[in-house]
């Protein structure tokens with residue numbers, strides 16, 4: 001019975017991961033299409049691409065919540081910094 005509960009939990013986490021992955025792919029696709037249509041500059045595309053790491057952080061999240069948050073904050077600061085520089089340069 002315990003194995004069945006663990007299996008159901010694993011399936012639920014896989015479904016959540018799949019939903020997150022698809023949502024991020026759709027979001028990325030929207031920004032790529034906006035860039036292709038000339039609605040947003042390259043700096044916005046770069047920033048969204050850099051900050052969104054999809055489900056790659058899930059294994060880290062199971063290891064350490066603090067380290068995961070630090071990495072996400074670093075990605076955000078770095079992405080916005082480089083994106084801002086690219087925007088000012090006209091990209």
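The values are calculated or read from the model by the stated rules, or taken from the named source; none is laboratory data. Source: prediction; values computed, not measured. Note: ideal-geometry Cβ built from the backbone for every residue, glycine included; neighbour counts use all protein chains shown.
I'd like the full set of residues that are assigned to a loop (DSSP other than H, G, I, E, B) and more than 15 Å from residue 29 (Cα to Cα), limited to segment 44-73.
We begin by selecting, within segment 44-73, every residue assigned to a loop (DSSP other than H, G, I, E, B); these are 52-53, 64.
Across segment 44-73, the qualifying residue is only 64.
Each row is one residue, and each column tells you yes or no for (1) farther than 30 Å from residue 89 by Cβ; (2) at pLDDT 75 or above; (3) more than 14 Å from the chain's Cα centre (by Cα).
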residue: 35; (1), (2), (3): no, yes, yes
residue: 41; (1), (2), (3): no, yes, yes
residue: 45; (1), (2), (3): no, yes, no
residue: 62; (1), (2), (3): yes, no, yes
residue: 67; (1), (2), (3): yes, yes, yes
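Taking residue 91 as meeting all but one of (1) assigned to a helix (DSSP H, G or I); (2) touching a residue at least 24 places away in the same chain (Cβ under 8 Å), write down the number of the exception.
For residue 91, the exception is condition (1).
Would you pick out the residues in segment 31-43 that are touching a helix residue (DSSP H, G or I) at 6+ places or on another chain (Cβ under 9 Å) and in a loop (DSSP other than H, G, I, E, B)?
39, 40, 41
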